[in-house]
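Every read-out reported here was derived from the displayed coordinates using simple, explicitly stated rules and does not represent laboratory data. Nothing here was measured: the structure is a model prediction, and the numbers come from that model. For neighbour counting, all protein chains shown are included, and Cβ atoms are generated from backbone atoms with ideal geometry for every residue, glycine included.
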Amino acid sequence: MALDLLKDNGVPLDKQRFTWKELVQPPFSKLDDDAFTRVRVILMNGLESEALRFSHACARMNGDLQLALAQVRRIEQHQHTLVNWLNPPDQSPLETTIGFEQVAIEVTASVAESEPDPYLAQVYRFGLLEDFDHMYRYAALMDRVEGKDANTLVQSYSDILPGRPTSLEHRDPSDDLRRDYRSHMNSEGSPSDTVSASYVWTPGTEMAAPARQSR
Amino acid sequence: MNQNSPLGTNRTGITVAPERSQAMLTGMDEFPPTSQGSAQDLAQVRMAYAQIAEPVGSMPLPARLKDQLQTAVKAVQGEKPMLLMDKLGERLAFERTGTRLYEALVSKYDAFGSFAGGPSREDLEHVLREEFNHFMMLHSTIEQFGGDPTAVTPSANLQATAGHGIGMVIADPRTTLLQSLEAILIAELADNACWEALIELAQDAGEDDLIRQFERALEHEREHLQKVTAWVAAGQGRTQDGGE
């Protein structure tokens, strides 16, 4: 049965537990499994990494939430470990990197295709060009240094093509920013603004009384 | 350039910091392990996982199954057809990687120069060309048997994983030509043993043409091993046995 986030009640946090056996699942096979299995593992690993990174930063800025975030993080750290350990032990760092570039290409291409805003769609296509270029360079590195063919990993799903000349790859940091992103995203107020509408900040409140009380 | 490691400030040994080491040993007496156990516990876990593990990978299906059935190649009808194809794939991957490793060795030569009794640039290029020719010969052989030379066979994957460190040593800009030759010596030893095994498998399959080609390749590989062994011995100032 497919997961429906709007209907599923979820599992209470204190009932979310992993045994060691559940955490350490058989890895996928580098030789036998579809390239998109690696793509999915790397993508989900990225989501779990970002969840943990966000949670740590959020906790630093919100004393009241520290305990709740720590409790969620414990479970998410287990999910992160479970997913990351699906990568097989015979997959070298360079091979994993080729997998990362395939994720970048396939996910960005998919997002670009479904993005209705022409400017943002263009932004994704520009990013895609760079992802192709990274794939090409890592594939060349794998061939020249290790004498291996990156297509054994990519399995002809994603093209291994040169992107733009190296000189054009170097941009000023200001060129990494995209214009009018804000005018599209949350232009009528963000969910964060709504949630924090009644919050009044005074210096020192992050690490003060509320957090201590909650313990 | 000195090809061997210089005397320096290596900090890895316990005698570098006798007082800190003694404090650590005292700490071990004060805080013993909090649980029982031995290396046998790890062995139990290893065995439990090994018993439920799936294979690393499988052999690919023949690329041209129809053609293969029509031509009825003897090798794939032999006693150990899959093993022969697996090992052909293994040698192909090894020779391809070997070609790149010798390219990196040529760069070491260009960066550091050689040493008394060491290889010339031409010596390294000669081995490089032979590794490449072996790769091309194996490519044709696998195609001839209806296989896909671009596929990574299970044995090719295992040897690449086992040999990963050799490339890391040679690609490291800090290692000298001599240190890199010591790493390639491991590859040449494995290569010799594996060509011998491949010839036996070709003999089992009754592939006379193949045996002749593989024996020529083994002759080259024996020469590579002899040369590398002699270069390393010369670089370390040892008496050369089996050199040119």
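Based on the Cα gyration tensor of the protein assembly as shown, what are the three equivalent ellipsoid semi-axes, each the root of five times an eigenvalue, rounded to whole Å and given largest first?
Values: eigenvalues 480, 207, 140 Å².
Working from the Cα gyration tensor, I get semi-axes of 49, 32, 26 Å.
What length, rounded to one decimal in nm, is gained on full extension from B:Thr26 through to B:Asp209, with 0.36 nm per residue of separation minus their alpha-carbon distance? Intermediate values should be presented prior to the final figure.
On the way: separation 183, 0.36 × 183 = 65.88 nm, distance 6.88 nm.
Result for the pair: 59.0 nm of gain on full extension.
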Global geometry of the range B:147-204, whether rounded, prolate or oblate, following the gyration tensor of its Cα atoms and the 1.5 cut on a/c: oblate
Based on the Cα gyration tensor of the range A:103-166, what are the three equivalent ellipsoid semi-axes, each the root of five times an eigenvalue, rounded to whole Å and given largest first? 26, 13, 6
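How many Cβ atoms of partner chains, on average, are near each residue of B:157-166 if near means within 10 Å of its Cβ? Working shown, then result.
Values: counts 8, 1, 0, 6, 6, 1, 1, 5, 0, 0.
Mean shielding count: 3.
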With a bin width of 5 angstrom, please list the P(r) values of chain B as percents of all Cα-Cα pairs, from the 0 bin to the one holding the largest distance. 1, 6, 11, 13, 13, 11, 10, 10, 9, 7, 5, 3, 2, 1, 0, 0
Among B:8-16, A:10-18, A:118-126, how do they line up from the highest to the lowest mean number of other beta-carbon atoms within 10 Å? A:118-126, A:10-18, B:8-16
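Using a 10 Å cut-off on Cβ to Cβ distances, tally the other chain neighbours for every residue of A:140-147 and report the average as a whole number.
On the way: counts 0, 1, 1, 2, 4, 9, 10, 14.
Average neighbour count from other chains, rounded to a whole number: 5.
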By per-residue mean of other Cβ atoms within 10 Å, what is the highest-first order of B:121-127, B:40-46, A:53-59? B:121-127, A:53-59, B:40-46
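Under a Cβ-Cβ cut-off of 11 Å, what is the net charge of the residues other than B:Gln3 that fall near it, where Lys and Arg count +1 and Asp and Glu count -1? Please list the in-between numbers first.
Values: positive: B:Lys108; negative: B:Glu182.
Combined, the nearby Lys, Arg, Asp and Glu give 0.
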A:Ser198 versus B:Ser35, label points 7 Å from Cα toward the beta carbon: distance in nm? 4.7
Here the relative contact order (percent) of chain B, from C-alpha pairs under 8 Å and at least 6 apart, is 26
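Taking beta carbons within 10 Å but only from partner chains, what does the mean come to for residues A:152-159?
Going residue by residue through A:152-159 and averaging, the value is 1.
To the nearest 20 debye, what charge dipole does the protein assembly as shown have about its Cα centre, counting +1 at the Cβ of each Lys and Arg and -1 at the Cβ of each Asp and Glu? Could the numbers behind the result be given before it?
On the way: 42 positive and 68 negative charges, 283 e Å.
Magnitude of the dipole: close to 1360 debye.
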The local net charge around B:Asn133, scoring Lys/Arg +1 and Asp/Glu -1 for residues other than B:Asn133 whose Cβ lies under 13 Å from its Cβ, equals -2
Where Lys and Arg each count +1 and Asp and Glu each count -1, what net charge lies around A:Glu169 among other residues with Cβ under 14 Å from its Cβ? -3
What residue among A:Gly99, A:Gly163, A:Gly147 has the largest mean-square fluctuation in a Gaussian network model of chain A, using Cα springs under 10 Å? A:Gly147
Please work out the C-alpha center-to-center distance from the range A:43-64 to the range B:180-219 and express it in whole Å. 53
Can you tell which of A:Val111, A:Val145, A:Val24 shows the greatest fluctuation in a Gaussian network model of chain A with Cα springs below 10 Å? A:Val145
How would B:Glu223, A:Glu113, B:Glu30, A:Glu76 line up from fewest to most surrounding beta-carbon atoms within 10 angstrom? B:Glu30, A:Glu113, B:Glu223, A:Glu76
